[in-house]
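Q: Before I ask anything, here is the structure I am working with.
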Amino acid sequence: MFDLPCFVSGKRMVARAQLTSLAGCLAVFGLTACNGGGETTTDTATGTTSETESESDTRTTVDPTTTTPTTSTPTTITGTQTDSMGSTESESETDPTDTDPTTDPTTDPTTDGPTTSESETTPPECNDGEMMCEGDDLITCVEGSWSDPAPCEFGCVEGQGCAEPCVEGEVMCVDGGASECVNGEFTEPTPCSDACVDDLGCVACIPGASKCEGDNSMVCDDEGEGYVLAEVCDGVQGVFCNEDAGVCDGECAPGNLQLDYLGCEYYATVTQQQDSGIQGTDFFSITVANSSDEETNVKIEGNGVDIGFTVAPNSVKRQILPWVNALYKGTGPSKVVENAAYHIRADHPVTVNQYSPIDADVTNDASLLLPVNAWTGSAMVASFPYWINQLNPNLRTPGFYAVVASQDETTVQLHPSATGNMVQAGGGVAADGTGEVTLNRGDVLQVVTTLEAGDLTGTQVEADKPVMVISGHSCTEVPQMTLACDHLEEVMPPTESLSTTYVVMPPVQTPNNAAFHGEVVRVIASEPETTVTFVPDIGQDIVLENAGDFVEVPVGTDRYVVDADKKILVAQYMVGAQGGFGQSDPSMALAVATGQYRTDFLIHAPPTWAANYANLIAPLEATVEVDGDTVPESEFTAIPETDYKTATVLLSNEGDGNHRIGSDEKITVGVYGAQSFGSYWIVGGLDLKHF
């Protein structure tokens with residue numbers, strides 16, 4: 001024991017006591033820092049000393065059943081106490097826990113010491129609901145404290161809790177091995193020699209992985225059992241297998257080409273013709289236009305042909321090909337002709353047109369071919385009704401469509417429209433126009449109407465692999481009973497690239513190219529309940545009830561926008577010479593969806609024809625150039641109530657027939673020509689994005 005004066009805030013206090021420790025001294029004044037010390041008091045009457053707890057008597061406590069705080073009874077020290085100077089004081093002193101502000105330093109605002117109303121709280125160990133694993137046991141936070149471990153039957157998952165039993169037979173990969181679920185639990189992993197894939201287990205390869213085997217790109221099958229052929233990297237097209245990626249690469253690799261009319265692989269196809277109009281010098285031909293700055297190598301195979309040639313940079317090559325008698329002669333029946341399409345490959349992107357035939361003043365038309373990389377397994381047919389010669393009723397010709405396959409074992413299904421259910425049966429096609437036909441690469445299925453009825457327009461073609469559909473008519477009048485008949489044909493765009501808005505502009509007359517040539521327009525629905533409107537209003541607004549239904553706009557020279565609430569196909573048919581619009585007999589083209597417009601075009605117009613024209617449809621503010629010359633704004637005429645304008649440009653026949661057209665905004669171009677009574681009409685180019 002020893003005497004020690006106590007100080008608070010630098011002030012000496014009145015009372016002294018014998019203290020067992022400094023902590024006990026501080027406890028007399030309610031300082032929590034002195035927790036654990038005791039207070040020693042001396043009773044002068046008895047000469048005994050006693051100790052009181054410093055914590056319990058000096059703290060403000062809260063009854064857990066009430067929110068009202070209570071204060072413990074203050075301890076009063078009585079009797080005589082002796083200070084260190086030997087003097088005595090006889091008055092009673094109140095314990096420092098007294099709440100009298102005149103005596104208790106904890107309530108005196110001038111005192112720096114802590115208050116007795118502060119409570120010391122212990123922070124929670126955890127947040128209620130938290131979980132953690134201890135081996136296979138789960139520990140849960142309850143009221144701020146961790147519970148005792150609870151065993152999990154199927155193990156514990158950190159952050160999730162007890163695991164659910166696994167699905168019987170489920171496979172999971174662990175450290176390169178396969179573990180299978182048996183009786184609700186995963187077994188010990190079995191090591192895999194090659195690879196492991198969740199849900200599959202040990203596999204020979206990772207599904208979808210690619211590698212090269214020579215010139216072939218191989219891909220691991222969906223079950224991981226091994227590699228199968230994904231694609232032949234065609235050296236003729238300058239394509240090679242990239243060892244780093246395991247896929248075909250090069251300028252002409254399908255993955256590097258755009259969805260438009262430029263490509264490196266095409267199929268040219270002879271179609272049903274009025275063979276009596278084809279003379280010995282009327283040749284089926286193609287033109288290959290090279291838009292690159294490098295020489296392009298071209299190879300053509302099919303129908304017994306094997307031809308190779310080069311096309312100089314930024315030039316065009318015309319190539320005559322034999323007619324395929326089984327396709328162009330006669331008037332039916334429907335049939336499959338094997339290896340009848342001409343397979344065209346180039347080692348740089350090119351554009352290809354086919355002419356049936358190219359030099360003629362009788363029955364002919366042309367088509368812009370679409371590259372194989374833009375094909376899909378779906379297309380819709382635009383044709384015209386079967387035809388009877390009014391001067392010779394025994395002369396009748398059918399409408400047609402032809403389906404070309406680029407891969408072996410292609411299954412084609414035919415879904416005729418309301419008018420397309422009268423065909424000449426054959427080649428796996430029934431008389432009602434339905435059928436399922438298997439084609440190999442280069443095979444052609446040609447379907448023709450009867451000679452008494454039928455219009456194939458609106459028929460839908462579906463295939464499990466990409467196909468091209470080319471449709472038209474052997475020889476027909478437009479409109480019927482208006483001399484004379486002419487061949488119609490055009491390649492149909494994939495259904496995926498159809499859209500809802502098109503701008504229609506007729507061709508000009510020959511020789512009076514200051515006036516428009518009359519046309520018939522068909523708008524064909526690809527889906528049921530399609531609402532079609534025309535701007536400006538031409539009195540033809542309609543709701544087409546079924547897929548394949550169409551509205552036919554009668555002969556006219558109007559320009560307008562066609563709008564629909566679902567995808568449509570719009571076909572244009574040039575009126576025959578007796579219709580009062582100049583010399584040319586019928587030809588056929590397709591309007592281009594505004595969403596497929598472009599800013600640059602490489603077109604070909606045979607300079608051997610008497611006159612070739614380009615129809616330009618552009619936004620009102622667009623600036624357009626043809627062969628480097630700006631088309632004057634005065635040449636354009638706005639279409640009322642729309643945001644479009646049109647112009648017709650007479651193309652020069654000097655040079656090789658190639659022409660470049662560009663614009664600062666996206667536009668569309670139609671190309672057509674006239675020669676005596678003959679005519680052709682093709683799309684100048686388009687994107688083929690999928691909508």
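The values are calculated or read from the model by the stated rules, or taken from the named source; none is laboratory data. Note that the coordinates shown come from a computational prediction; the quantities given were computed from them, not determined experimentally. As a convention, Cβ positions derive from the backbone with ideal geometry for all residues, glycine included, and neighbour counts pool all protein chains shown. SASA here: full protein model, heavy atoms, side chains in, ligands and nucleic acids out. Shrake-Rupley method; radii C 1.70, N 1.55, O 1.52, S 1.80 Å.
Q: Could you tell me which numbered condition Val270 fails, if it satisfies all but one of (1) open to solvent by 30 Å² or more (accessible area, probe 1.4 Å); (2) of a type outside the set (Asp, Glu); (3) in a loop (DSSP other than H, G, I, E, B)?
A: Checking Val270 against (1) open to solvent by 30 Å² or more (accessible area, probe 1.4 Å); (2) of a type outside the set (Asp, Glu); (3) in a loop (DSSP other than H, G, I, E, B), the one that fails is (1).
Q: Okay, next question. Suppose the filter is at pLDDT 95 or above and either open to solvent by 60 Å² or more (accessible area, probe 1.4 Å) or touching a Gly at 6+ places or on another chain (Cβ under 7 Å) (or both); does Phe240 pass it?
A: Yes; evaluated as a whole, the condition is true for this residue.
Q: Let me ask you something else. Which residues, taken from the stretch 405-426, are of a type outside the set (Val, Ile, Thr), farther than 16 Å from Val336 by Cβ and open to solvent by 20 Å² or more (accessible area, probe 1.4 Å)?
A: Result: His415, Pro416, Ala418, Asn421, Met422.
Q: Select, from Ala379, Ala402, the only residue that is surrounded by 24 or more Cβ atoms within 10 Å (Cβ to Cβ), closer than 30 Å to Glu231 by Cα and in contact with a Pro (Cβ under 7 Å, 6 or more places away or on another chain).
A: Ala379
Q: Looking only at the stretch 567-599, which residues are in a strand (DSSP E or B), surrounded by fewer than 21 Cβ atoms within 10 Å (Cβ to Cβ) and touching a Ser or Thr at 6+ places or on another chain (Cβ under 7 Å)?
A: Passing the criteria: Lys567, Thr599.
Rundown of residues vs (1) of a type outside the set (A, V, I, L, M, F, W, C); (2) closer than 21 Å to Thr594 by Cα; (3) buried (at least 16 other Cβ atoms within 10 Å of the Cβ), yes/no style:
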position: Thr623; (1), (2), (3): yes, yes, no
position: Asp643; (1), (2), (3): yes, yes, no
position: Thr648; (1), (2), (3): yes, yes, yes
position: Val671; (1), (2), (3): no, yes, yes
position: Ser676; (1), (2), (3): yes, no, no
position: Ser679; (1), (2), (3): yes, no, yes
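Q: Show me the strands (runs of 3 or more DSSP E) found entirely inside the stretch 279-366 where at least 1 residues are at negative phi and open to solvent by less than 10 Å² (accessible area, probe 1.4 Å).
A: Strands (runs of 3 or more DSSP E) meeting the threshold: 284-290, 296-302, 305-311, 316-321, 342-356.
Q: Considering the stretch 427-458 alone, what residues qualify as being part of a strand (DSSP E or B), out of contact with any Phe, Trp or Tyr (no Cβ under 8 Å at 6 or more places or on another chain) and surrounded by 18 or more Cβ atoms within 10 Å (Cβ to Cβ)?
A: Result: Val429, Gly435, Val437, Leu439, Val444, Leu445.
Q: Follow-up question, since we're still on this one. Could you tell me whether any residue of the stretch 465-486 is surrounded by fewer than 19 Cβ atoms within 10 Å (Cβ to Cβ) and in a strand (DSSP E or B)?
A: Yes, the stretch 465-486 contains a residue that is surrounded by fewer than 19 Cβ atoms within 10 Å (Cβ to Cβ) and in a strand (DSSP E or B).
Q: Looking only at the stretch 220-236, filter to residues that are of a type in the set (Asp, Glu) and without any contact (Cβ under 8 Å) to a residue 24 or more places away in the chain; which one of those is nearest to Gly246 (Cα to Cα)?
A: Glu231
Q: Working only within the stretch 607-626, note down all residues that are of a type outside the set (Asp, Glu), in a loop (DSSP other than H, G, I, E, B) and in contact with an Asp or Glu (Cβ under 8 Å, 6 or more places away or on another chain).
A: Pro607, Thr608, Leu620, Ala622, Thr623
Q: For the structure I just gave you, tell me whether Ala564 is over 25 Å from Ala638 (Cα atoms), among the hydrophobic types (A, V, I, L, M, F, W, C) and surrounded by 19 or more Cβ atoms within 10 Å (Cβ to Cβ).
A: no
Q: Look at the stretch 401-422 and say how many of its residues are more than 13 Å from Arg441 (Cβ to Cβ) and part of a loop (DSSP other than H, G, I, E, B).
A: Result for the stretch 401-422: 7.
Q: Here is a follow-up. Within the stretch 507-560, take every residue that is of a type in the set (S, T, N, Q) and part of a strand (DSSP E or B) and give me the one that is surrounded by the most Cβ atoms within 10 Å (Cβ to Cβ).
A: Ranking the candidates gives Thr530 first.
Q: Could you grab the pairs with beta carbons closer than 8 Å, sequence gap of 6+ or different chains, first residue in the stretch 522-542 and more than 19 Å from Tyr644 (Cβ to Cβ), second one open to solvent by 60 Å² or more (accessible area, probe 1.4 Å) and part of a strand (DSSP E or B)?
A: As it stands, the answer is Arg522/Glu552; Glu529/Val543; Thr530/Val543; Thr530/Asp565; Thr531/Ile542; Thr531/Val543; Thr531/Asp565, since those pairs meet every condition given.
Q: Check Glu188 against each of (1) open to solvent by 50 Å² or more (accessible area, probe 1.4 Å); (2) of a type outside the set (A, V, I, L, M); (3) assigned to a strand (DSSP E or B) and name the one condition it does not meet.
A: (3)
Q: Something else about it: What are the residues in the stretch 148-173 that are under 18 Å from Glu130 (Cα atoms), open to solvent by less than 70 Å² (accessible area, probe 1.4 Å) and outside any loop (DSSP other than H, G, I, E, B), if any?
A: If the condition is that a residue be under 18 Å from Glu130 (Cα atoms), open to solvent by less than 70 Å² (accessible area, probe 1.4 Å) and outside any loop (DSSP other than H, G, I, E, B), then Ala150, Cys156, Val157, Gly161, Cys162 are the ones that fit.
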